[in-house]
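Student: Take this structure, written in structure tokens, and hold onto it; I'll ask about it next.
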Amino acid sequence: RSLRMMGSGIQPTLWDDLPGIACPTHLIVGENDRKFRQIARRMTERNNRFTTDVIEGAGHNTHEECPELFTAALKRLLQKES
């Protein structure tokens with residue numbers, strides 16, 4: 001029921017809003033998550049403020065599957081911001 005009422009298939013599309021996002025946005029995706037790697041690529045094509053990290057060896061659940069690589073990606077991002 002949760003997926004039927006709140007899943008991504010029921011949510012309105014926001015693709016047309018992506019170019020207007022002014023803040024830097026960082027996407028983290030798993031190397032083996034083909035769908036979300038493609039989504040991240042499309043998002044970065046629509047807004048050059050978006051960046052992406054691809055976590056090697058991970059699927060959809062990057063922080064659980066490869067916590068060390070996920071943490072390293074976050075640390076790199078935070079160091080850039082400071």
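Student: Along Cα→Cβ, 7 Å out, is where each label goes; now give me the distance between the ones at ARG34 and ALA72 in nm to one decimal.
Tutor: In this crude spin-label approximation the distance works out to 2.6 nm.
Student: May I pose another question? What is the projected area of the convex hull of the Cα atoms of the stretch 1-45, averaged over all directions, in nm²?
Tutor: Reported value for the Cα convex hull: 4.2 nm².
Student: Exactly which trypsin sites (Lys or Arg not before Pro) in the stretch 12-50 are in a DSSP loop and have at most 16 other Cβ atoms within 10 Å?
Tutor: Sites meeting the loop and neighbour criteria: ARG49.
Student: Rounded to a whole number, what is D in µm²/s for the chain from Stokes-Einstein with the Kirkwood radius over alpha-carbon pairs (37 °C, 0.692 mPa s)?
Tutor: In µm²/s, the coefficient rounds to 234.
Student: Per residue, how much accessible surface does the chain expose to a 1.4 Å probe? Answer in Å², no decimals.
Tutor: On the way: 6440 Å² over 82 residues.
With all protein chains present, the chain gives 79 Å² per residue.
Student: Right, another one. Do any GluC sites (Glu not before Pro) in the stretch 20-82 lie in a DSSP loop with no more than 13 other beta carbon atoms within 10 Å, and if so, which?
Tutor: Answer in residue order: GLU56.
Student: For the chain, what % of the accessible area comes from carbon and sulfur atoms, probe 1.4 Å?
Tutor: 53
Student: Amide H of ASP53 versus every other amide H placed in the peptide plane: which residues, excluding those fewer than 5 positions away on the same chain, fall under 5 Å?
Tutor: For ASP53, whose amide H was placed from the backbone, the distant partners under 5 Å are LEU27, ILE28, VAL29.
Student: Can you work out ³J(HN,Hα) from phi for every residue in the stretch 63-68, in order, using Karplus 6.51 cos²θ - 1.76 cosθ + 1.60 and θ = phi - 60°, giving whole Hz and x for Gly and Pro?
Tutor: Along the stretch 63-68, the couplings run 5, 8, 6, 9, x, 5 Hz.
The values are calculated or read from the model by the stated rules, or taken from the named source; none is laboratory data. Nothing here was measured: the structure is a model prediction, and the numbers come from that model. We place every Cβ from the backbone using ideal geometry, glycine too, and count neighbours over all the protein chains shown. All accessible areas refer to the heavy atoms of the entire protein, side chains included, with ligands and DNA or RNA removed. Shrake-Rupley method; radii C 1.70, N 1.55, O 1.52, S 1.80 Å.
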